[in-house]
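In what follows, a single structure is set out as structure tokens and then discussed.
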Amino acid sequence: MSDFLTAFKGRFVSTLRWPQLDELWQQLRNDADGGWYLYSVGNPPPSQPSDEAGVSSFIDEMDEILRTGHKEDYCGIVYADDLCNPSLVKIYDPGNLGVSCGYSDNPPPPGWVMSKLPPADILPPVKKKKWQIWGGLGKR
């Protein structure tokens, strides 16, 4: 297993309240030139870290998406390996939460990941149904 996947399956802390998210964003802005990979899950993982401007823009966009899409008085959908000195951050899509904060055998993946480690694809291969393999319904 890659270092990224090991870290990805590790322990994370939630930004339960919006002020905690603000503090995390500030930590990330202070380290925007720290070699962050910005991974939009479902797309191929990036091979190069983003530059400082890209990280700052990403944070601005994520903050807007989260605050407009998650109209709750709590945040709870952004997790970091360390809130004070983050190196891996999982950002869940407010439109696809499922049981991201609870236990499930099949939790939804985050929508985005910020990582100092080069990311690996985190989505399992999709199992195709028989009709998808053979080209349509009823074909065997």
Neighbour net charge for ARG17 - beta-carbon separation under 11 angstrom, K R +1, D E -1: -4
Largest first, how would VAL41, VAL113 line up by accessible area (1.4 Å probe)? VAL41, VAL113
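Please list 20-27, 87-94, 73-80, 47-54 highest first by mean number of surrounding beta-carbon atoms within 10 Å per residue.
The densest-packed peptide leads the list: 87-94, 73-80, 20-27, 47-54.
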q = 0.20, 0.25, 0.28 Å⁻¹: log10 I(q)/I(0) that the Debye formula gives for region 39-94, counting C-alpha atoms only: -0.92, -1.29, -1.36
Order by accessible surface, 1.4 Å probe, largest leading, for residues LEU117, LEU66, LEU5 comes to LEU117, LEU5, LEU66
Rounded to the nearest 20 Debye, what is the dipole magnitude of region 22-77 about its Cα centre when Lys and Arg each give +1 and Asp and Glu each give -1 at the C-beta? 220 debye
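The values are calculated or read from the model by the stated rules, or taken from the named source; none is laboratory data. Given the structure is predicted, the values throughout are model-derived calculations rather than measurements. Here the Cβ is made from the backbone with ideal geometry for all residues, glycine too, and neighbour counts use every protein chain on show. Ligands, DNA and RNA are excluded from the accessible area calculation, which covers all protein heavy atoms including side chains. Shrake-Rupley method; radii C 1.70, N 1.55, O 1.52, S 1.80 Å.
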